[in-house]
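Peer 1: Before I ask anything, here is the structure I am working with.
Bear in mind that the values in this text are calculations on the coordinates, not laboratory data. Owing to the predicted nature of the structure, the values given are computational and were not obtained by experimental measurement. Quick reminder, even Gly has a Cβ in these numbers, built from the backbone with ideal geometry, and neighbours come from all protein chains shown.
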Amino acid sequence: MAWSAAALLPLGFLAVFFAWPVLAIITLGLREGGLDTALTSSDTWDLVAFTLGQAAASTLIAVVAGLPVAFVLARCRIRGLGLIRAAVMVPFVLPTVVVGLAFRAFWPDGGVVPIVLANAFFNVAVVARTVGGLWAHTDRRAEDAARALGASRPRAFLNVVLPALMPAIGSAAAVVFLFCATSFGVVLILGGARYRTLETEIYLRTVELFDLSGAAALSLLQFTAVLAVLLLGGLARRRRETALQLRGREELARKPVGGEWAVVGVAAAVVVALFTPVVGLVLKSLSTRDGWSLAGYRALASTGDRGTLAVSGLDAALNSLRTATDATAIALVVGVFSAFVLIGLKRSGGRLAEALDTALMLPIGVSAVTVGFGYLVTMDALPGDFRTSPMLVPLAQALVVTPLVVRMVLPVLRSVDERLRQAAATLGASPARVWVEVDLPIVGRSLVAAAGFGFVVALGEFGATSFLARSDAPTLPIVIARLMSRPGALNSQMAYAACALLMVVTIACVLLIERLRVPSGEEF
Amino acid sequence: MLRVSNITVRYGQTVAVAGVDLSVANGEVVALLGPSGCGKSTLLRTIAGLETPASGSVCWDSLDMGSVPVHKRGFGIVFQDGQLFPHRDVFGNVAFGLRMQGVSRGDRAERISELLKLVGLDGYEHRKVTQLSGGEQQRVALARALAPRPRLLLLDEPLSALDRELRDQLADDLARLLRSSGTTAILVTHDHDEARRIADRVVTMRKGRVTS
């Protein structure tokens, strides 16, 4: 009973800062007849086809590139494993604007190929870590038994290993597909007005054409598709949680033998490929028409060529740090509380746990653009002039970060044996004291990791922020996008420098997170 | 003394414990003996307050424990697999109950070294619990449970996870230790030999009922 009451808090947060704005958009789309117009227009279906097509292609590439890396992370005992783990993680948390620009350094005119590659680039980490997580804990002896029965190594992989990994591959693919279908920053930067997905079209219609009902109709369409994919992914995840007898990684990892070295080679190639855009970006930030120069970095103290920006690059950077800190704090409070409630609900049985779990994941899938747009429509109804409040952007970012916090903390909390809490209780610890003395220290490290992870995601958030940030208080990604959209060599130089800056902060955070990670089955 | 009257525990449709009566006198060590699934562990957990009985009562010195929460009963417990706090060292684990009682720092250290001597882990204060052997972990769990001087000690198959030789040795140690400290205790086990070695009195259980 108490747990159900506690569940009202995160649900209330989601209701006000997620469900209400999104529902407002949906009704807006329905009311003005925008939905009929949108559904009968062939343009819409072209958009849908391109959105799904590019997402499917990106997902396929991410899975193919992610599997060898997953194998190395899970099964190989080689030097530099920690480095590979961190390196794979970097693209996933890089700001979308940065990745868009990095690919523009190679494909100056954009196009379908860089869009697909950029989306895949982000998500190799999701596949490698989700699949690797399960692989690391699956018993090797089933495979050994198949080999002893006469199966060749590839045969054993296809008939024994792959089926065992399918739940993880399925759930990773579903998540990746979602991320790619709702990806905003890279598509906007690499596709411009030529190659549009639902997500960028919603943005363009709202901001440039002021076609609110059309944008709302497209949001509704997208929301429906996302919900369907999330439900499928949920099914796969449930199967995964119950499917296997899990074992510790230590006893399963070993030095690669024979043909396994080929897989290690492919994985190494993937890691190198992942780092190419990153390196390209840094080189681009340092090279000008007149040779190597730090001009871009120096220009960060200014407002760009002929005052392109309302504030200097440095001010934007400081604003980014402040906003991301606030967003992380909100997400930690809501996320950790939700995780504790979820554990409590699951323990006492009942369907509410599952409902809350799905509700908490929804904001990952619903396009940030829709959420930002929804805030614009609804938040002036809240008291105290909320639409111009400096908390608006952090709240929107927190919505994106909270699901990640839950996914990182929940498995660790779940791994705490209930009898450990009971032992503390029999020694005289009240329920609140058990929380402080047992749960909190055990999740402590993963909490810090979740905070670091959330911080970089908030730092790079572009979709919702681009709607909500006031022009006198932009974040770094907003500034980068603005600089890129204006002419002037100094502007693009400055944009590349700002990207490099964001990247350094991001990589530093990722390395820190990797040191703090608790070795247990986190889901990202 | 402990008096359990007509206790019944249900999990959904299954009856795990069916109308059990049990008394344990002060300073007495009683073994609950029975095959796995006979309800002996459930009975132990109900006495500790970790399960809620469908009917019946648990009384200590004629005081009904029904509305007393786990952490105020003053009953210590040792689980089969220790369940030591992984983020604390041996000292931190044994100190836990004393801290909950508000025992001063100096008194804590004294009591802990005395207890570690008692369980044969003299000088182990700052070892990590994750680096101890199974037998050592159970000794720490025992010291941890005894530290706050529980009025009743509940032992849930404390030796079952260990191998034969170690089990025999620890059984003798445990018997000696419980006698010398005059601890009132209930030991759950499925091992006849172990029950007889440690307990003053053996109570057998089958299918949720006491059979002797």
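Peer 1: Return the sequence-ordered ³J(HN,Hα) values of segment A:175-181 in whole Hz as given by the Karplus equation 6.51 cos²θ - 1.76 cosθ + 1.60 applied to θ = phi - 60°, using x for Gly and Pro.
Peer 2: Along segment A:175-181, the couplings run 5, 4, 4, 4, 4, 6, 5 Hz.
Peer 1: Another one. Can you figure out the FRET efficiency of A:V112 with A:A273, using R₀ = 30 Å and their beta-carbon distance, to the nearest 0.05?
Peer 2: Using R0 = 30 Å, I get an efficiency of 0.95.
Peer 1: Per 10 Å bin, what percent of the C-alpha pairs of segment A:36-293 does each bin hold, from zero upward?
Peer 2: The distribution over segment A:36-293 is 7, 26, 29, 21, 12, 4, 0, given as percents.
Peer 1: May I pose another question? Which three extents, in angstrom, do the Cα atoms of segment B:65-110 have along their principal axes, listed largest first?
Peer 2: Principal extents (largest minus smallest coordinate, Cα): 34, 28, 16 Å.
Peer 1: For segment A:437-449, take each phi angle, set θ = phi - 60°, evaluate the Karplus expression 6.51 cos²θ - 1.76 cosθ + 1.60, and give the result in whole Hz per residue in order, putting x for glycine and proline.
Peer 2: 8, 10, 5, 4, x, 6, 7, x, 5, 5, 5, 5, 4
Peer 1: In Å and whole numbers, how far do the C-alpha atoms of segment B:87-150 stretch along each principal axis, longest first?
Peer 2: Result, largest extent first: 30, 23, 20 Å.
Peer 1: Check which residues have an amide H placed less than 5 Å from B:A16's amide H, if you skip close sequence neighbours.
Peer 2: Here B:V9, B:R10, B:Y11 satisfy the definition.
Peer 1: Here's another thing I want to ask about it. So what are the three principal axis dimensions of segment A:436-478 from its Cα atoms, in whole Å, longest to shortest?
Peer 2: 46, 14, 14
Peer 1: Taking amide H atoms as placed 1.01 Å from N in the peptide plane, list the residues 5 or more away in sequence, or in a different chain, whose amide H sits under 5 Å from that of B:V29.
Peer 2: Amide H neighbours of B:V29: B:A185, B:D200, B:R201.
Peer 1: Tell me which residues come under 5 Å, amide H to amide H, from B:E51 once H is placed; ignore anything under 5 positions away on its chain.
Peer 2: B:T46
Peer 1: Follow-up question, since we're still on this one. Ratio of alpha-carbon Rg to the 2.2 N^0.38 Å globular estimate for segment A:77-116, to two decimals, please.
Peer 2: That works out to 1.54 for segment A:77-116.
Peer 1: Hey, in the GNM for chain B with a 10 angstrom Cα cutoff, which one of B:G102, B:G37, B:G49 fluctuates hardest?
Peer 2: Of the options given, B:G102 has the highest mean-square fluctuation.
Peer 1: Using only the Cα atoms of segment A:86-162, build the gyration tensor, take square roots of its eigenvalues as a ≥ b ≥ c, and label the shape rounded, prolate or oblate: rounded if a/c is under 1.5, else prolate if a/b is larger than b/c, else oblate.
Peer 2: prolate
Peer 1: Still on this model: With charges set only on the Cβ (+1 for Lys and Arg, -1 for Asp and Glu), what does the dipole of segment A:19-105 come to about its Cα centre, in debye to the nearest 20?
Peer 2: 860
Peer 1: If you average over every viewing direction, what projected area does the convex hull of the Cα atoms of segment B:57-212 give, in nm²?
Peer 2: Mean orientational projected area (segment B:57-212, Cα hull): 10.2 nm².
Peer 1: Now, a different point. Please report the net charge: other residues with Cβ closer than 13 Å to the Cβ of A:S492, K and R +1, D and E -1.
Peer 2: Neighbourhood net charge equals +4.
Peer 1: Taking 0.36 nm per intervening residue step and subtracting the Cα-Cα distance, what contour gain separates A:R194 from A:F210 on full extension?
Peer 2: Working it through step by step, the gained length comes to 3.9 nm.
Peer 1: Find the Cα radius of gyration of the protein assembly as shown, compare it with 2.2 N^0.38 Å by division, and give the number to two decimals.
Peer 2: Working it through for the protein assembly as shown, the quotient is 1.12.
Peer 1: Could I ask something else about it? Can you work out ³J(HN,Hα) from phi for every residue in segment B:75-87, in order, using Karplus 6.51 cos²θ - 1.76 cosθ + 1.60 and θ = phi - 60°, giving whole Hz and x for Gly and Pro?
Peer 2: 9, x, 9, 10, 8, 3, 10, x, 6, 6, 6, x, 8
Peer 1: Still on this structure, I have one more. How much of the DSSP beta bridge set in chain B is antiparallel, as a percent to the nearest 5?
Peer 2: Within chain B, antiparallel bridges account for around 50 percent of the total.
Peer 1: Any idea what % of Cα-Cα pairs in segment A:265-368 are farther than 24 Å?
Peer 2: Of all Cα-Cα pairs in segment A:265-368, 61 percent lie more than 24 Å apart.
Peer 1: Return the equivalent ellipsoid semi-axes of segment A:418-524 as a descending list in whole Å, where each equals the square root of 5 times an eigenvalue of the C-alpha gyration tensor.
Peer 2: With the √(5λ) rule applied to segment A:418-524, the semi-axes are 44, 15, 9 Å.
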